[in-house]
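For reference, the structure is listed below as structure tokens.
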Amino acid sequence: MKHDFDTVINRKNTDCAKWDFGGYDHPMWVADMDFKAAPKIAEAVEKRAGHNVYGYAIPPERLFDAYINWWDRRYGIQMKREEMLFATGVMPAITSIIRSFSSIGDKVLIQSPVYHVFFYVIENNDREVIENELIYENNIYHIDFEDLEEKLALEDTKLMLLCNPHNPIGKIWDKESLEKIGRLCKKHGVILVSDEIHCDLTNPGLKYVPFASLDEDIVENSIITIAPSKTFNIAGLQSSMVYTVNEEFYSKIQNQLTWDFSSGANVFAIDSVIAAYNESEDWLEELREYLFENKQIVESFLKEEIPEIKFVESEATYLLWLDCSDLNISSESFSEFLKENVSLFLSPGAEFGKCGDNFMRMNVACPKELLYGGLEALKEGVRILKENRK
């Protein structure tokens, strides 16, 4: 490989959420990567830092062009500048969207198990979470469309948050499923909000289906959030885009982002994103190969060393969903047990909805040395748990 993903970078004592929160030896929880950013991104940040003036910034046209060219080149989506709004992040954007299109007490539908911040952003805005629980059968998740329609049909369901690809289960939703979701939302007057932040991190040979690639009448009822933050490990630089072809939606979101102070650009975000999308595609392709190798390592290790934990097939993201139901322990209890006994931090599945309680989420975006260390800690944790039960 041209790029180095094997070198272990010491992130301790750098005000790092992943490594400095709790001080665990094996932090495999929050969704950022333990790799250096692509060289062109680092060069762009260093060049900007050398200017020595870090005042307020405005998103320039070349930033929008970088997004537009990326989605055209990789996914065949022809975005227009007048359909795009800059936001400091996907979740700040979704917060503003929720405030724009719903009122206190309204329902917002999500498909659990799903990214836990979806719950927070709905509840913190005094809206009600309504769950369309995904069905787990034979190591595969699929959608309960009958339940989905019943809940979309409720009078006070105003929005649906879609996660595509889906965090934490690593699922790429196929075109047929997305079309069905889109038509049900339109039928019942529910606005579809698609979080596509993990879209670039698919397994080699696989691509996700952008919601924007569907029929025009479905896309007209949608708002899509995109960002390079997961793809290129630049979440701390805070950049995202909201994309909608609906002029009424656009106007409302534009106003709300301004009122929420979520439309200002980090001075380093501009050049880093441009360098990511315009000059770092080769780095991403090597990263995807490396992440896939890590997934294969975890799958083999579990089969051979920890058969009590089952690997849930993953098509996208660097977040693995582990079926721990054979251990007969709640995910929150198991998470605390691992922290206390082997200094391993995995995210408890219950955070992603009650239906996730038999699972744990593991972040495998790290050098293989760290990955094996985490797996050995998990193996030891399971051994201690079983020993304590004798």
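The values are calculated or read from the model by the stated rules, or taken from the named source; none is laboratory data. None of the values given here were measured: they were computed from a predicted structure. Every residue, glycine among them, receives a Cβ derived from its backbone with ideal geometry; neighbour counts consider all protein chains shown. Ligands, DNA and RNA are stripped out before the accessible areas are found, and what is left, the full protein with its side chains, is counted by its heavy atoms. Shrake-Rupley method; radii C 1.70, N 1.55, O 1.52, S 1.80 Å.
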TODO: Please work out the FRET efficiency for the pair D260 and E299, using the Cβ-Cβ distance as r and a Förster radius of 51 Å; give the result to the nearest 0.05.
DONE: 0.75
TODO: Only Cα pairs under 8 Å and at least 6 apart count here; give the relative contact order of the chain as a rounded whole percent.
DONE: 24
Open item on the list: Set the bar at 26 Å for Cα to Cα. Now go through K303/K339; K107/K252; K186/K295; K151/K171; K158/K310 and name every pair that lies beyond it.
Closed with: K186/K295; K158/K310
TODO: Run the dipole for the range 52-122 about the Cα centre, Lys and Arg Cβ at +1, Asp and Glu Cβ at -1, nothing else charged, and hand back the magnitude in debye, nearest 20.
DONE: 100
Open item on the list: With N set to the number of residues, divide the alpha-carbon radius of gyration of the chain by 2.2 N^0.38 Å and report two decimals.
Closed with: 0.98
Open item on the list: Just the number please: accessible area per residue for the range 275-376, 1.4 Å probe, all protein chains included, in Å².
Closed with: 35
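If you roll a 1.4 Å probe over the heavy atoms of the protein chains, what accessible area per residue do you get for the range 50-112, in Å²? Intermediate results must be reported in sequence, preceding the final value.
Values: 2850 Å² over 63 residues.
Heavy-atom SASA per residue in the range 50-112 reads 45 Å².
Return the loop-located trypsin sites (Lys or Arg not before Pro) in the range 64-99 (DSSP other than H, G, I, E, B) with at most 14 other Cβ atoms within 10 Å of their own Cβ; answer none if there are none. Spell out each step's value before the answer.
Working: sites: R73, R74, K80, R81, R99; in loops: K80.
Here the trypsin sites (Lys or Arg not before Pro) that fit, given the DSSP loop and packing criteria, are K80.
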Open item on the list: What's the magnitude of the charge dipole for the chain around its Cα centre, counting Lys and Arg as +1 and Asp and Glu as -1 at the beta-carbon? Answer in Debye, nearest 20.
Closed with: 640
TODO: Work from the charge dipole of the chain (Cβ charges, +1 for Lys and Arg, -1 for Asp and Glu, about the Cα centre) and give the residue of F35, V121, W259 farthest towards its positive end.
DONE: F35
- [ ] Mind ranking 19-32, 307-320 by how tightly packed they are, going by the mean number of other C-beta atoms within 10 angstrom, highest first?
- [x] 307-320, 19-32
Task: Positive-end residue of Y67, H142, A93, charge dipole of the range 62-175 with Cβ unit charges - done: Y67
Open item on the list: Among A44, I274, P307, whose Cα projects farthest towards the positive end of the dipole of the chain, with charges put on the beta-carbon of Lys, Arg (+1) and Asp, Glu (-1)?
Closed with: A44
TODO: Can you pull the one-decimal nm distance between simple spin-label points at K175 and K47, each 7 Å off the Cα toward Cβ?
DONE: 3.9
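Would you calculate a helix-derived [θ] at 222 nm for the chain, using -39,500 (n - 2.57) for each DSSP H run of n ≥ 4 and dividing by the full residue count, to the nearest 500?
Details: 14 runs with 162 residues, N = 390.
Helix contribution divided over all residues of the chain: -13000 deg cm²/dmol.
Give me the extension gain from S343 to A153: residue separation times 0.36 nm, minus the current Cα-Cα distance, reported in nm with one decimal. Walk me through the numbers on the way to the answer.
Values: separation 190, 0.36 × 190 = 68.40 nm, distance 4.58 nm.
Extra length from S343 to A153 when fully extended: 63.8 nm.
So what is the accessible area of the range 130-267 per residue, in Å², with the probe set to 1.4 Å?
Values: 5430 Å² over 138 residues.
Ligands and nucleic acids excluded, the figure is 39 Å² per residue.
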TODO: Pop a pseudo-label 7 angstrom from the Cα along the beta-carbon direction at both K36 and D126 and give the gap in nm to one decimal.
DONE: 5.0
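State the percentage of accessible surface on the chain attributable to carbon and sulfur atoms; use a 1.4 Å probe and exclude ligands, DNA and RNA. Let's see the in-between values first.
On the way: 7850 of 16610 Å².
Reported share for carbon and sulfur atoms: 47 percent.
Can you give the charge dipole size of the range 108-253 about its Cα centre, rounded to the nearest 20 debye, using +1 on the beta carbon of Lys and Arg and -1 on the beta carbon of Asp and Glu? Don't skip to the answer; put the middle values down first.
Working: 12 positive and 25 negative charges, 111 e Å.
Dipole magnitude for the range 108-253 comes out near 540 debye.
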- [ ] Work out the FRET efficiency for E380 and E82 from their Cβ-Cβ distance, taking R0 = 56 Å, and round it to the nearest 0.05.
- [x] 0.50
TODO: Report the label-to-label distance for I104 and D72 in nanometres (one decimal), using points 7 Å from each Cα along the Cα→Cβ vector.
DONE: 4.6
